[in-house]
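First up is the structure itself, then whatever we jot down about it.
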Amino acid sequence: MRTQIIVLHRYAYSDSSWIVKALSPDVGVLSLLVKGAKSKNSQFKTGIDPLAHSEIEIRYNHHKGNSSLIIPKEAYLQNYFPKMRSNLQSLAAAQLMAEILLKLGNEKSNFAEEFKWLLNNLECLELNTVKGNSLSLWLHKLCDILGYAPTLSKCGQCGQELLQGPADLWPALGGAVCKGCLGDRKPGYDPAFLQELGNFANGKSDERQVSWLRIENFFLGHLKVHTGALDNLHSWEWLLETRRLVEC
Ligand SMILES: [Zn+2]
């Protein structure tokens, strides 16, 4: 069969080969053994570079699933995203997306949506450099795809629309609670952050980088709790470092 892939990660296997982890919209995260790919004459060339969008020809066995190593016949590069690669922050954002999808693996079987949303973001990063809210939007949408998105624009208790942002977040409610339902209780979250999150939920994107960082942290934490799979995200540390580099 022929399937599209986005390369999430790869590592050396012997002197001449790569093991390539790639996301396919048809079969999820695949492990590909690409023999002889390190040689100059390999027909795979850049088609199996990290973050490349390619089409590959594989013999896929539905009974064995995608847990076994698959040896692809060929890779046809669709998009290498050269502009995205030349911008340090765009690249770091894309690397974080890839690492998260790699760590999530195939447990929830939403690969078609995950693939579409990753490809869409890589294409956006290729056209424009990364925006302040890019990663927050990506993480929020990923929560949504996985079925974990917290309710932010209405109260989980009484259903009231929250135009001013949530008064607090209650995990048991699956998200926001309104002022009335919070009553005399002290909110567990900083009111300034709740306001930022409310603005984000209502599509106002005039926040500063420091606000986006808090929102990213919130969604990352949310995904960590729900998936149990996102500890030690190396590319998150790297992304924060690239932002510091740009600031000074
Ligand atoms: Zn309420």
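Can you run down the residue pairs with Cβ atoms below 9 Å, 6 or more apart or on separate chains, where the first is in region 141-159 and among the basic types (K, R) and the partner is part of a loop (DSSP other than H, G, I, E, B) and within 11 Å of the ligand (Cβ to nearest atom)?
From residues that are among the basic types (K, R), the pairs are K154/Q160; K154/L162; K154/C178.
What single numbered condition from (1) in a loop (DSSP other than H, G, I, E, B); (2) more than 16 Å from the ligand (Cβ to nearest atom); (3) more than 14 Å from the chain's Cα centre (by Cα); (4) at negative phi fails to hold for L230?
(3)
For the structure I just gave you, tell me whether L173 is surrounded by 15 or more Cβ atoms within 10 Å (Cβ to Cβ), within 16 Å of the ligand (Cβ to nearest atom) and either within 23 Å of D206 (Cβ to Cβ) or at pLDDT 95 or above (or both).
It is false that L173 is surrounded by 15 or more Cβ atoms within 10 Å (Cβ to Cβ), within 16 Å of the ligand (Cβ to nearest atom) and either within 23 Å of D206 (Cβ to Cβ) or at pLDDT 95 or above (or both).
Condition check: under 22 Å from G147 (Cα atoms) and either more than 15 Å from the chain's Cα centre (by Cα) or crowded, with 19+ Cβ neighbours inside 10 Å (or both). Does E114 satisfy that?
yes
Can you name every residue in region 71-108 that is surrounded by 21 or more Cβ atoms within 10 Å (Cβ to Cβ) and over 21 Å from the mean Cα position of the chain (by Cα)?
Hits for region 71-108 are P72, A75.
Which of the residues belonging to region 155-170 are within 11 Å of the ligand (Cβ to nearest atom), assigned to a loop (DSSP other than H, G, I, E, B) and not small (G, A, S)?
Residues satisfying the conditions are C155, Q157, C158, Q160, L162, P166.
Residue pairs, Cβ under 8 Å, 6 or more apart or interchain, first in region 172-188 and part of a loop (DSSP other than H, G, I, E, B), second more than 13 Å from the ligand (Cβ to nearest atom) and of a type in the set (A, V, I, L, M, F, W, C). List them.
P187/L194
Picking from L139, L135, L194, which residue would you name as being within 16 Å of the ligand (Cβ to nearest atom) and assigned to a helix (DSSP H, G or I)?
L194
The values are calculated or read from the model by the stated rules, or taken from the named source; none is laboratory data. Since we're looking at a predicted model, the values are computed, not measured. No Cβ is skipped: glycine too gets one built from the backbone with ideal geometry, and neighbour counts run over all protein chains shown.
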